[in-house]
Amino acid sequence: MARKSFKFKSSGIRKSDIRKLSEPDVIRNKPIGLKTPLSFGDSSNSLFETHTIITKQLADNLRNLILTNSGERLGRPGFGANLRSLLFDLGSTPAFIEQARQKIDENVKKFIPQISITDVERIEEFSSNTINIKNSSQGRDSVGLIFAKIKVTYNIKILNLTNQIIEVFLYAGG
C-alpha cells in the first residue's frame, strides 16, 4: 500500500497575507447571535443575518421566549412562556394579563436571568394592514382569530438599561 502524502500548503496563512490593523475592513463587530426570523446574510461572512448589538439580541431572545410554547423548541421542551393556552380563554378570563405576566416573569427568570420584567400590559386598540384588525372587546379580529397584543417593559441589569419595550402579537385559533 502506498502512503498518503500531506501537503502543507493549505494548513495556514502566510505573514504577508495578514492585513494591517489600520485597514478599515479588518475591524468589524463580531456576531452575537442569529436574527429571527431567519434570513440569508448579505455578506460572505455568514450564512444568516446576525446581531452585533447585545441589546438587540436580548430583545430578540425575549420575543422568542414569549412567542414560544412549551414543547415547540427542539431539544428544550420546557422552553417558552406557553401563552397560547391563555388565549383560548381570553374572552372568559378577566385575569389574562396577570396570568400572562406570571408566566412571562417565571420563564424569563429561568431562561434569561439578565432581564427583569417590570410591566406587562395588553394593548386593545390597534390595526393591521394584513388582516384588518380593529378594536375588539372580545379579542377577535375580522377573520375570527383570537389575538392579544401585549407590551412588555423590561430592564437589562448587567447593562444598566431601563424601560426597554417590546410589543408582541399573540394569535390562537378561532
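Readers should treat all values here as calculations from the given coordinates under stated rules, not as data from a laboratory. This structure is a prediction, so every number in the text was calculated from the model and none was measured. Cβ sites come from the backbone with ideal geometry, for glycine too, and all protein chains shown count toward neighbours.
Things worth noting here:
- The local environment of Gln164, defined by Cβ-Cβ distances under 14 Å, has a net charge of +1 under the rule Lys, Arg +1 and Asp, Glu -1.
- Taking other C-beta atoms within 10 Å as the exposure proxy, Asp60, Asp119 rank Asp119, Asp60 from fewest upward.
- Around the amide H of Thr50, modelled in the peptide plane, lie the amide H atoms of Lys35, all under 5 Å away and 5 or more residues distant in sequence or on another chain.
- A protection proxy built from the mean count of other Cβ atoms within 10 Å ranks the segments 69-76, 48-55, most packed first, as 48-55, 69-76.
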